[in-house]
1. Those residues that are within 18 Å of ARG226 (Cα to Cα) and surrounded by fewer than 14 Cβ atoms within 10 Å (Cβ to Cβ), I need them from the range 117-137; list them, please.
2. For the range 181-202, which positions are of a type outside the set (A, V, I, L, M) and either touching a Phe, Trp or Tyr at 6+ places or on another chain (Cβ under 8 Å) or crowded, with 19+ Cβ neighbours inside 10 Å (or both)?
3. Out of the residues in the range 154-175 that are out of contact with any Phe, Trp or Tyr (no Cβ under 8 Å at 6 or more places or on another chain) and either at pLDDT 90 or above or of a type in the set (Ser, Thr, Tyr) (or both), state the one that is surrounded by the fewest Cβ atoms within 10 Å (Cβ to Cβ).
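The values are calculated or read from the model by the stated rules, or taken from the named source; none is laboratory data. Keep in mind that this is a model prediction, so the values were computed, not measured. All Cβ positions, glycine included, derive from the backbone under ideal geometry; neighbour counts span all protein chains shown.
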Amino acid sequence: MKQQLKDFLSFGKSERNAILFLVVLIVVVILLPAIYASREQPGILNREEFAAEIEEFMQMDKIKSAVSQQDFDFNEPDKSAGRAKFTPFPFDPNVLDKQGWMALGFSARQAESIIKYRERGGRFKVTEDLKRLYAFNDEVYDILEPYINISAQTSTYPSAERENKGNYPVYEQFTAELNSSDSATLVKVRGIGPAFARRIIRYREKLGGFADARQLLEVYGMDSARYAQMSKGVFVDTTLIRKFNVNTASLEDLRAHPYIDYYIAKALVDARIRKGAFASPADIKNIPLIYDELYYKLLPYISIH
């Protein structure tokens, strides 16, 4: 019995070496943090300097907060956000280059659009002319208007200079009615080429006619600069608009109109089934999907008889 116990508790050479290595490893792991801490002596904290830095940081934060709240108009948050985007400085829109427009806060694409407008012969005679550009909404105009400085020399081209400026031809003023003109007539309007003439006619067919010349901005590829060029050369005759009968048009016929998607078309058809025919165009306003802006866009095209 004793011999068996002795054999059980005894270790071979390799086992003793393994136990010794394990003991040494445990001791090293236990002592290592203490050794590392003794070598890393923390710097002496100067409480006065630390307190001064905190005070300086708090003062700067208060100043920034006060300035931000003073500049921000909580009654007109959109305009205040616009001021943060733009960096106004005095400028003449007739001579400012692309980099200058971008320095004001416009994107590269917006700056290029303005430059192209000028290259095609567009001029800004008064500050309000900038509102014709898509990039100049009312908020942007209000921000930049005090800095606009249009000189008499840059607001117009002399006739000889205009002929040579970028080799652009001088166009005669020609006007065309949008709902009846063919492509051969439309291309006579300044700013309308063959491609845009075809697009205008295709969109006119989908709409049923133009109720307002500004609907040209909905034509694929149209931008504010091009529209500003052609706007004085086009007009609409609303009596030529082709209307659709909202009481008899099928789901597919309704969907074919650019202002009506599948869900609005289905809502119109469902309303007819549940409540009967619409007594007046205003009845479609009872459909939740038809908001006021959409209603007034559809109104010129709706018939109930």
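1. GLU119, LYS125, GLU128, ASN137
2. Answer for the range 181-202, where residues must be of a type outside the set (A, V, I, L, M) and either touching a Phe, Trp or Tyr at 6+ places or on another chain (Cβ under 8 Å) or crowded, with 19+ Cβ neighbours inside 10 Å (or both): SER181, LYS188, ARG190, GLY191, PHE196, ARG199.
3. It comes out as SER159.
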